[in-house]
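The values are calculated or read from the model by the stated rules, or taken from the named source; none is laboratory data. What you see is a predicted model, and the numbers here were worked out from it, not measured in a lab. Neighbour counts run over all protein chains shown; Cβ positions are idealised from the backbone, glycine included.
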Amino acid sequence: MKINQIIKQKRNELNLSQKDIADYLGVSSVAISKWENGVCYPDIELLPSLARLLNVDLNTLLSFNEDLSDVEVHEFINQLFPMGKTNNFDETFVKATNKIREYNTSYNLILLVATMLYSNLLNEENERYEYYHQEIIKLFQRCFDCPDILIKEQATSMLFSNYLNKLDYIAAQNLLDKLNTTTVDKEILSANLAFKQEDYQYASQLYESKLLSTITKVQDLILYIINVAIKQKDFNKANFLADISKQSAMLFELYPFLYSSASFEVATQSENIQNTYEIAINMLQVLDQDFDASKSTLYQNIKAKKIVGNDNDFFKAMVIDYLNELSFFKDTVECKTIMNKYNKKNTIN
């Protein structure tokens, strides 16, 4: 980090205001603001006092120990790895922690070192196991100060796994409660915790819910790709993807109405009257039957809403209204047949 970033970070860690720093050094709050924004830098005479106030050494304050590049970090990890293989954990630990002291704000280094040490420690017997274990946990916890959300959440995930392995379910739950995540799947972590606690009913509910939401997203993505293929006039690809969509919907026991939704998109976008008619008839026939996801093998523990009666009528009306909006289809004999069958007002004059 640069000197302006170090000043701001250390000041915040010590719960000091810019005015506190200014009063201590005998300068204005505006000056502190300019330092932290990189507009200008402290006079050289102020550096020792500033370092003492922020509880850092001058090397750190002046950024002499800059963060390592990703390449340098991985090179160092590659040097450590053979040492861990020789079961000389003590020597590996000393070399790793010395490097971290030298580059104490390189959070990528801290995370990767902690991860490697943690893995090595689990695979060997060491009389100082508890000491090393606690020190490694502290390294993961240091990553909570990292501005990079990805590194912070990877460290959180490692800590969560550690708590599960140690059967410390209270600590694991506390970590989940505080987790505001964008990269770590909090639902899966919650399910893993429930599984460890032998709450299999709740774990199954969470896993099944995640499965259902995931395959639904996959179906949406396939449909997006189909629309791109249609725009490119690549109907072979569009039909291939529509078949994939149908197979996956059937495999993962989705609402049968969705089995043909992708094929229906291809048929209508390609203005194929016969395919549109046949798929529409099939979809409307499916809607004559109720659907209960909880009776499936995959989603037995999810309290999903049953699709019955009025729900089916809603979907039927949606399909029929859509057919009536299709300029290539609404005035055809096929459309009239569907309207007559489902008692909808025919648009054909």
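Considering the stretch 2-38 alone, what residues qualify as being touching a residue at least 60 places away in the same chain (Cβ under 8 Å) and either in contact with a helix residue (DSSP H, G or I) (Cβ under 8 Å, 6 or more places away or on another chain) or of a type in the set (Gly, Ala, Ser) (or both)?
Residues satisfying the conditions are 3, 6, 9, 13.
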Please give the number of the condition residue 214 fails out of (1) within 16 Å of the chain's Cα centre (by Cα); (2) surrounded by 13 or more Cβ atoms within 10 Å (Cβ to Cβ). (2)
Any residue at all in the stretch 122-145 that is touching a residue at least 40 places away in the same chain (Cβ under 8 Å), farther than 22 Å from residue 76 by Cβ and crowded, with 17+ Cβ neighbours inside 10 Å? no
Determine, yes or no, whether residue 179 is among the aliphatic types (A, V, I, L, M), modelled with pLDDT under 90 and surrounded by 13 or more Cβ atoms within 10 Å (Cβ to Cβ). yes
Which fully enclosed helices (runs of 4 or more DSSP H) of the stretch 1-82 have 2 or more residues being within 29 Å of residue 112 (Cβ to Cβ) and among the basic types (Lys, Arg)? 3-13
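Determine, yes or no, whether residue 164 is within 28 Å of residue 300 (Cα to Cα), assigned to a helix (DSSP H, G or I) and not small (Gly, Ala, Ser).
Details: within 28 Å of residue 300 (Cα to Cα): yes; assigned to a helix (DSSP H, G or I): yes; not small (Gly, Ala, Ser): yes.
So residue 164 fits the description; yes.
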May I ask you to list the residues in the stretch 179-204 that are in a helix (DSSP H, G or I) and within 28 Å of residue 143 (Cα to Cα)? 186, 187, 188, 189, 190, 191, 192, 193, 194, 195, 196
Name, by its number, the condition in (1) at pLDDT 85 or above; (2) surrounded by fewer than 16 Cβ atoms within 10 Å (Cβ to Cβ) that does not hold for residue 280. (2)
Regarding the stretch 155-172, can at least one residue be identified that is under 17 Å from the mean Cα position of the chain (by Cα) and either under 24 Å from residue 263 (Cβ atoms) or in contact (Cβ under 8 Å) with a residue 40 or more places away in the chain (or both)? yes
With 110, 137 as the choices, which residue is assigned to a helix (DSSP H, G or I), closer than 30 Å to residue 7 by Cα and in contact with a Lys or Arg (Cβ under 7 Å, 6 or more places away or on another chain)? 110
So, of the residues in the stretch 163-176 that are exposed (fewer than 13 other Cβ atoms within 10 Å of the Cβ) and at pLDDT below 90, which turns out to be nearest to residue 150 (Cα to Cα)? 174
Answer yes or no: is there a residue in the stretch 187-204 that is more than 18 Å from residue 297 (Cα to Cα), under 21 Å from the mean Cα position of the chain (by Cα) and acidic (Asp, Glu). yes
